[in-house]
Amino acid sequence: MSKQIVLTGITTTGTPHLGNYAGAIRPAIKASKDENARPFYFLADYHALIKCQEPERVKQSSLEIAATWLALGLDTSNAVFYRQSDIPEISELSWMLSCVTAKGLMNRAHAYKASVAENEETDGNDPDKGINMGLFSYPILMAADMLMFNANKVPVGKDQIQHIEMARDIASRFNHIYGEHFAIPEAVVDDNAATILGLDGRKMSKSYNNTIPLFEPEKKFKKLINKIKTNSLEPGEPKETEGCTLFGIYQAFASKNEVEDVRQRYAEGIAWGEMKKVLFEKINDEIAPARERYQALMEAPEHIEEQLQEGAKKAREISSPFMQTIRESVGISRINN
Ligand code: TRP
(Lines give C-alpha, C1' and ligand atoms only; values in the text may rest on other atoms or scores of the structure.)
Protein backbone atom coordinates (compact mmCIF):
# COMPACT_ATOMS: atom_id res chain seq x y z
CA MET A 1 0.00 0.00 0.00
CA SER A 2 1.33 3.43 -0.82
CA LYS A 3 1.81 5.86 2.01
CA GLN A 4 -0.84 8.38 2.96
CA ILE A 5 0.13 11.90 2.05
CA VAL A 6 -0.39 14.13 5.06
CA LEU A 7 -0.01 17.79 4.18
CA THR A 8 -0.28 21.05 6.03
CA GLY A 9 0.89 24.64 5.70
CA ILE A 10 1.92 27.26 8.23
CA THR A 11 1.32 30.89 7.32
CA THR A 12 4.47 32.91 7.91
CA THR A 13 3.20 35.99 9.67
CA GLY A 14 4.13 35.44 13.30
CA THR A 15 6.37 33.96 15.95
CA PRO A 16 5.46 30.42 17.05
CA HIS A 17 3.85 30.43 20.49
CA LEU A 18 2.82 27.88 23.10
CA GLY A 19 -0.64 27.55 21.57
CA ASN A 20 0.78 26.74 18.12
CA TYR A 21 3.14 24.30 19.72
CA ALA A 22 0.65 22.26 21.71
CA GLY A 23 -2.15 22.50 19.15
CA ALA A 24 -0.33 21.94 15.87
CA ILE A 25 3.45 21.73 15.89
CA ARG A 26 3.94 19.00 18.50
CA PRO A 27 1.42 16.62 16.89
CA ALA A 28 2.80 17.32 13.41
CA ILE A 29 6.35 16.57 14.51
CA LYS A 30 5.24 13.35 16.09
CA ALA A 31 3.46 12.44 12.87
CA SER A 32 6.61 13.18 10.88
CA LYS A 33 8.11 10.02 12.41
CA ASP A 34 5.25 7.77 11.31
CA GLU A 35 6.60 5.42 8.67
CA ASN A 36 3.18 4.76 7.24
CA ALA A 37 2.70 8.37 6.25
CA ARG A 38 4.51 10.78 3.98
CA PRO A 39 4.16 14.24 5.51
CA PHE A 40 4.44 17.39 3.45
CA TYR A 41 4.86 20.43 5.70
CA PHE A 42 5.46 23.83 4.22
CA LEU A 43 5.85 27.51 4.98
CA ALA A 44 2.84 29.18 3.37
CA ASP A 45 4.65 32.39 2.53
CA TYR A 46 2.38 33.30 -0.38
CA HIS A 47 -0.55 33.06 2.00
CA ALA A 48 1.28 35.37 4.38
CA LEU A 49 1.21 38.17 1.78
CA ILE A 50 -2.57 38.26 1.93
CA LYS A 51 -2.62 39.72 5.40
CA CYS A 52 0.87 41.01 5.95
CA GLN A 53 2.57 43.58 3.79
CA GLU A 54 5.60 43.98 6.00
CA PRO A 55 8.48 42.26 4.16
CA GLU A 56 10.71 42.07 7.23
CA ARG A 57 8.02 40.38 9.24
CA VAL A 58 7.27 37.77 6.58
CA LYS A 59 10.97 37.03 6.27
CA GLN A 60 11.61 36.86 10.00
CA SER A 61 8.57 34.68 10.54
CA SER A 62 9.72 32.21 7.86
CA LEU A 63 13.06 31.96 9.62
CA GLU A 64 11.53 31.52 13.07
CA ILE A 65 8.98 28.96 11.98
CA ALA A 66 11.54 26.88 10.07
CA ALA A 67 13.99 27.04 12.99
CA THR A 68 11.23 26.02 15.40
CA TRP A 69 10.19 22.95 13.47
CA LEU A 70 13.76 21.81 12.93
CA ALA A 71 14.77 22.46 16.54
CA LEU A 72 11.85 20.38 17.73
CA GLY A 73 13.11 17.41 15.78
CA LEU A 74 11.08 17.36 12.59
CA ASP A 75 12.17 14.21 10.78
CA THR A 76 13.18 15.57 7.38
CA SER A 77 14.27 12.15 6.18
CA ASN A 78 10.59 11.17 6.13
CA ALA A 79 8.82 14.52 5.87
CA VAL A 80 9.18 16.92 2.97
CA PHE A 81 9.71 20.38 4.48
CA TYR A 82 9.66 23.29 2.03
CA ARG A 83 8.68 26.82 1.25
CA GLN A 84 5.54 27.26 -0.84
CA SER A 85 7.22 29.99 -2.90
CA ASP A 86 10.03 27.61 -3.90
CA ILE A 87 7.54 25.53 -5.85
CA PRO A 88 6.55 27.61 -8.88
CA GLU A 89 4.17 24.88 -9.99
CA ILE A 90 1.88 25.77 -7.09
CA SER A 91 1.08 29.21 -8.41
CA GLU A 92 0.74 27.83 -11.93
CA LEU A 93 -1.72 25.23 -10.69
CA SER A 94 -3.53 27.89 -8.72
CA TRP A 95 -4.35 29.68 -11.98
CA MET A 96 -5.58 26.52 -13.65
CA LEU A 97 -7.81 25.83 -10.67
CA SER A 98 -9.08 29.43 -10.72
CA CYS A 99 -10.38 28.77 -14.21
CA VAL A 100 -12.60 25.91 -13.06
CA THR A 101 -13.71 27.52 -9.79
CA ALA A 102 -17.10 29.21 -9.63
CA LYS A 103 -16.85 32.75 -8.36
CA GLY A 104 -19.96 32.03 -6.31
CA LEU A 105 -18.05 29.39 -4.38
CA MET A 106 -15.46 31.96 -3.32
CA ASN A 107 -18.22 34.42 -2.38
CA ARG A 108 -19.18 31.93 0.31
CA ALA A 109 -15.73 31.67 1.93
CA HIS A 110 -15.91 32.57 5.64
CA ALA A 111 -12.78 34.73 5.71
CA TYR A 112 -13.97 36.86 2.80
CA LYS A 113 -17.53 37.03 4.08
CA ALA A 114 -16.36 38.14 7.51
CA SER A 115 -14.43 41.03 5.98
CA VAL A 116 -17.42 42.08 3.90
CA ALA A 117 -19.69 41.88 6.93
CA GLU A 118 -17.30 44.04 8.91
CA ASN A 119 -17.26 46.64 6.14
CA GLU A 120 -21.02 46.66 5.99
CA GLU A 121 -21.18 47.37 9.69
CA THR A 122 -18.64 50.15 9.73
CA ASP A 123 -18.90 51.68 6.28
CA GLY A 124 -21.95 50.66 4.29
CA ASN A 125 -20.69 52.35 1.11
CA ASP A 126 -18.02 49.91 0.08
CA PRO A 127 -18.43 46.28 1.13
CA ASP A 128 -15.11 45.36 -0.50
CA LYS A 129 -13.07 48.03 1.22
CA GLY A 130 -9.54 46.84 1.96
CA ILE A 131 -10.20 43.39 0.51
CA ASN A 132 -7.56 42.26 -1.95
CA MET A 133 -7.89 39.53 -4.57
CA GLY A 134 -5.47 37.44 -2.54
CA LEU A 135 -8.02 37.18 0.25
CA PHE A 136 -10.78 36.44 -2.21
CA SER A 137 -8.92 33.63 -3.94
CA TYR A 138 -7.09 32.38 -0.84
CA PRO A 139 -9.00 29.05 -0.92
CA ILE A 140 -7.86 28.41 -4.49
CA LEU A 141 -4.18 28.85 -3.65
CA MET A 142 -4.76 26.58 -0.69
CA ALA A 143 -6.41 24.02 -2.97
CA ALA A 144 -3.35 24.15 -5.22
CA ASP A 145 -1.12 23.46 -2.18
CA MET A 146 -3.04 20.28 -1.47
CA LEU A 147 -3.79 19.04 -4.98
CA MET A 148 -0.23 19.55 -6.21
CA PHE A 149 0.92 16.71 -3.97
CA ASN A 150 -2.27 14.66 -4.01
CA ALA A 151 -2.72 15.15 -0.28
CA ASN A 152 -4.97 12.56 1.34
CA LYS A 153 -5.11 13.95 4.87
CA VAL A 154 -4.88 17.60 5.83
CA PRO A 155 -4.52 18.31 9.56
CA VAL A 156 -5.96 21.74 10.30
CA GLY A 157 -7.83 23.76 12.87
CA LYS A 158 -11.61 23.98 12.70
CA ASP A 159 -11.50 27.38 11.00
CA GLN A 160 -9.87 25.78 7.94
CA ILE A 161 -12.38 22.99 7.31
CA GLN A 162 -14.33 25.03 4.81
CA HIS A 163 -11.19 25.56 2.74
CA ILE A 164 -10.65 21.84 2.46
CA GLU A 165 -14.23 21.35 1.42
CA MET A 166 -13.70 23.94 -1.27
CA ALA A 167 -10.56 22.14 -2.41
CA ARG A 168 -12.59 18.94 -2.71
CA ASP A 169 -15.14 20.76 -4.86
CA ILE A 170 -12.49 22.30 -7.04
CA ALA A 171 -10.63 19.00 -7.46
CA SER A 172 -13.81 17.17 -8.44
CA ARG A 173 -14.67 19.85 -10.93
CA PHE A 174 -11.23 19.68 -12.53
CA ASN A 175 -11.31 15.87 -12.57
CA HIS A 176 -14.74 15.94 -14.17
CA ILE A 177 -13.61 18.19 -16.98
CA TYR A 178 -10.06 16.99 -17.60
CA GLY A 179 -9.84 13.45 -16.20
CA GLU A 180 -9.01 11.96 -12.82
CA HIS A 181 -5.83 13.82 -11.92
CA PHE A 182 -6.31 14.81 -8.32
CA ALA A 183 -6.84 12.92 -5.11
CA ILE A 184 -9.69 14.35 -3.03
CA PRO A 185 -8.22 15.66 0.24
CA GLU A 186 -9.79 15.13 3.61
CA ALA A 187 -9.60 17.46 6.61
CA VAL A 188 -8.33 15.96 9.83
CA VAL A 189 -9.34 17.91 12.90
CA ASP A 190 -7.86 16.62 16.11
CA ASP A 191 -10.52 17.12 18.77
CA ASN A 192 -8.00 16.22 21.45
CA ALA A 193 -5.48 18.80 20.31
CA ALA A 194 -4.87 21.17 23.16
CA THR A 195 -6.36 24.63 22.90
CA ILE A 196 -4.31 26.89 25.08
CA LEU A 197 -5.49 30.12 26.61
CA GLY A 198 -3.33 33.23 26.55
CA LEU A 199 -2.07 35.73 29.12
CA ASP A 200 -5.49 37.37 29.41
CA GLY A 201 -7.52 34.14 29.51
CA ARG A 202 -8.81 34.35 25.96
CA LYS A 203 -7.68 31.80 23.36
CA MET A 204 -3.95 32.25 22.77
CA SER A 205 -3.68 34.01 19.44
CA LYS A 206 -1.45 36.59 17.87
CA SER A 207 -4.51 38.63 16.94
CA TYR A 208 -5.28 39.04 20.66
CA ASN A 209 -1.69 39.93 21.45
CA ASN A 210 -1.76 37.55 24.41
CA THR A 211 0.77 34.92 23.35
CA ILE A 212 3.73 33.33 25.04
CA PRO A 213 6.37 32.83 22.35
CA LEU A 214 7.69 29.29 22.51
CA PHE A 215 11.40 29.98 22.50
CA GLU A 216 11.84 33.11 24.53
CA PRO A 217 15.02 32.99 26.60
CA GLU A 218 14.34 31.11 29.81
CA LYS A 219 14.15 34.16 32.10
CA LYS A 220 11.77 36.00 29.84
CA PHE A 221 9.71 32.86 29.44
CA LYS A 222 9.37 32.57 33.19
CA LYS A 223 8.33 36.21 33.43
CA LEU A 224 5.60 35.66 30.88
CA ILE A 225 4.26 32.63 32.73
CA ASN A 226 4.12 34.84 35.82
CA LYS A 227 2.03 37.34 33.89
CA ILE A 228 -0.80 34.89 33.19
CA LYS A 229 -3.99 36.29 34.66
CA THR A 230 -5.52 34.53 37.66
CA ASN A 231 -8.28 35.43 40.08
CA SER A 232 -7.42 36.98 43.44
CA LEU A 233 -7.92 33.97 45.71
CA GLU A 234 -5.34 33.82 48.50
CA PRO A 235 -3.00 30.92 49.26
CA GLY A 236 -4.89 28.29 51.23
CA GLU A 237 -8.25 29.07 49.63
CA PRO A 238 -9.52 26.18 47.48
CA LYS A 239 -9.41 26.94 43.75
CA GLU A 240 -11.34 25.84 40.68
CA THR A 241 -9.47 23.95 37.96
CA GLU A 242 -12.33 24.41 35.50
CA GLY A 243 -11.73 27.45 33.34
CA CYS A 244 -8.34 28.16 34.93
CA THR A 245 -5.79 29.23 32.34
CA LEU A 246 -2.81 27.88 34.31
CA PHE A 247 -4.46 24.51 34.82
CA GLY A 248 -5.45 24.28 31.16
CA ILE A 249 -1.91 24.88 30.01
CA TYR A 250 -0.56 22.45 32.59
CA GLN A 251 -2.87 19.77 31.21
CA ALA A 252 -1.34 20.17 27.77
CA PHE A 253 2.09 19.30 29.13
CA ALA A 254 1.68 16.95 32.06
CA SER A 255 0.86 13.25 32.40
CA LYS A 256 -2.54 12.14 33.73
CA ASN A 257 -1.10 11.43 37.17
CA GLU A 258 0.61 14.78 37.37
CA VAL A 259 -2.64 16.48 36.43
CA GLU A 260 -4.49 14.62 39.17
CA ASP A 261 -1.87 15.64 41.74
CA VAL A 262 -2.21 19.25 40.77
CA ARG A 263 -5.99 19.01 40.83
CA GLN A 264 -5.66 17.87 44.43
CA ARG A 265 -3.38 20.80 45.21
CA TYR A 266 -5.98 23.21 43.79
CA ALA A 267 -8.52 21.76 46.21
CA GLU A 268 -6.01 22.27 49.00
CA GLY A 269 -5.51 25.89 48.01
CA ILE A 270 -2.18 26.01 46.16
CA ALA A 271 -0.89 29.60 45.90
CA TRP A 272 -0.96 31.08 42.39
CA GLY A 273 2.74 31.89 42.64
CA GLU A 274 3.50 28.28 43.42
CA MET A 275 1.30 27.02 40.57
CA LYS A 276 3.11 29.31 38.16
CA LYS A 277 6.37 27.82 39.30
CA VAL A 278 5.08 24.29 38.81
CA LEU A 279 3.83 25.22 35.34
CA PHE A 280 7.04 26.93 34.32
CA GLU A 281 9.11 23.93 35.33
CA LYS A 282 6.87 21.48 33.55
CA ILE A 283 7.00 23.31 30.24
CA ASN A 284 10.61 24.26 30.55
CA ASP A 285 11.65 20.63 31.08
CA GLU A 286 9.96 19.74 27.82
CA ILE A 287 11.25 22.56 25.65
CA ALA A 288 14.64 23.54 27.09
CA PRO A 289 16.74 21.22 24.89
CA ALA A 290 14.88 22.39 21.77
CA ARG A 291 15.34 26.01 22.85
CA GLU A 292 19.09 25.52 22.73
CA ARG A 293 18.93 23.98 19.29
CA TYR A 294 16.65 26.83 18.20
CA GLN A 295 19.12 29.45 19.34
CA ALA A 296 21.94 27.66 17.54
CA LEU A 297 19.89 27.43 14.34
CA MET A 298 18.94 31.10 14.49
CA GLU A 299 22.63 31.88 14.57
CA ALA A 300 23.32 29.65 11.58
CA PRO A 301 20.44 30.35 9.19
CA GLU A 302 22.42 28.75 6.36
CA HIS A 303 21.62 25.35 7.88
CA ILE A 304 17.95 26.17 7.79
CA GLU A 305 18.16 27.37 4.22
CA GLU A 306 19.94 24.19 3.24
CA GLN A 307 17.15 22.05 4.69
CA LEU A 308 14.51 24.10 2.90
CA GLN A 309 16.34 23.81 -0.40
CA GLU A 310 16.58 20.10 0.03
CA GLY A 311 12.86 19.96 0.78
CA ALA A 312 12.09 22.04 -2.29
CA LYS A 313 14.16 19.69 -4.41
CA LYS A 314 12.19 16.68 -3.18
CA ALA A 315 8.90 18.49 -3.68
CA ARG A 316 9.75 19.60 -7.19
CA GLU A 317 10.65 16.08 -8.21
CA ILE A 318 6.92 15.51 -7.83
CA SER A 319 5.43 18.86 -8.79
CA SER A 320 7.41 19.41 -11.95
CA PRO A 321 6.41 16.26 -13.89
CA PHE A 322 2.90 16.40 -12.42
CA MET A 323 2.43 19.94 -13.65
CA GLN A 324 3.52 18.81 -17.10
CA THR A 325 0.70 16.24 -17.09
CA ILE A 326 -1.76 18.86 -15.92
CA ARG A 327 -0.69 21.29 -18.61
CA GLU A 328 -1.19 18.66 -21.25
CA SER A 329 -4.56 17.69 -19.86
CA VAL A 330 -5.88 21.23 -20.36
CA GLY A 331 -4.41 21.56 -23.85
CA ILE A 332 -1.30 23.56 -23.08
CA SER A 333 1.71 21.85 -24.58
CA ARG A 334 4.04 21.91 -27.56
CA ILE A 335 2.01 21.89 -30.71
CA ASN A 336 4.16 19.50 -32.68
CA ASN A 337 4.16 16.38 -30.52
N1 TRP B 1 -4.47 28.67 5.49
C2 TRP B 1 -3.85 27.83 6.45
C3 TRP B 1 -3.89 28.51 7.83
O4 TRP B 1 -3.99 29.71 7.90
C5 TRP B 1 -2.41 27.54 6.08
C6 TRP B 1 -2.35 26.78 4.82
C7 TRP B 1 -1.99 27.25 3.59
C8 TRP B 1 -2.68 25.41 4.66
N9 TRP B 1 -2.07 26.24 2.67
C10 TRP B 1 -2.49 25.11 3.30
C11 TRP B 1 -3.14 24.42 5.53
C12 TRP B 1 -2.77 23.84 2.77
C13 TRP B 1 -3.42 23.16 5.02
C14 TRP B 1 -3.23 22.88 3.64
O15 TRP B 1 -3.83 27.83 8.83
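The values are calculated or read from the model by the stated rules, or taken from the named source; none is laboratory data. Everything quoted here is computed from the prediction, not taken from an experiment. Because the Cβ atoms are built from the backbone with ideal geometry, glycine has one as well, and the counts that use them run over all protein chains shown. Only protein heavy atoms, including side chains, enter the accessible area calculation; ligands, DNA and RNA are left aside. Shrake-Rupley method; radii C 1.70, N 1.55, O 1.52, S 1.80 Å.
Counting only residues that are of a type in the set (S, T, N, Q) and either within 24 Å of ILE131 (Cβ to Cβ) or open to solvent by 10 Å² or more (accessible area, probe 1.4 Å) (or both), which one in region 21-56 is farthest from the ligand (Cβ to nearest atom)?
Within region 21-56, the first condition is being of a type in the set (S, T, N, Q), and the residues that meet it are 32, 36, 53.
Within this subset, residues satisfying the condition of being either within 24 Å of ILE131 (Cβ to Cβ) or open to solvent by 10 Å² or more (accessible area, probe 1.4 Å) (or both) are 36, 53.
On the way: ASN36: 20, GLN53: 17 Å.
In this case the residue turns out to be ASN36.
Check whether at least one residue in region 311-326 is assigned by TED's automatic domain parsing to the domain that holds ALA24, more than 28 Å from the chain's Cα centre (by Cα) and of a type outside the set (A, V, I, L, M, F, W, C), and report yes or no. Scanning region 311-326, I find at least one residue that is assigned by TED's automatic domain parsing to the domain that holds ALA24, more than 28 Å from the chain's Cα centre (by Cα) and of a type outside the set (A, V, I, L, M, F, W, C), so the answer is yes. When ALA48, ALA22 are checked against the criterion of being farther than 21 Å from ILE140 by Cα and outside any loop (DSSP other than H, G, I, E, B), ALA22 stands alone in meeting it.
Inside region 1-10, can you point out the residues that are of a type outside the set (Gly, Ala, Ser) and open to solvent by 40 Å² or more (accessible area, probe 1.4 Å)? Passing the criteria: MET1, LYS3, GLN4.
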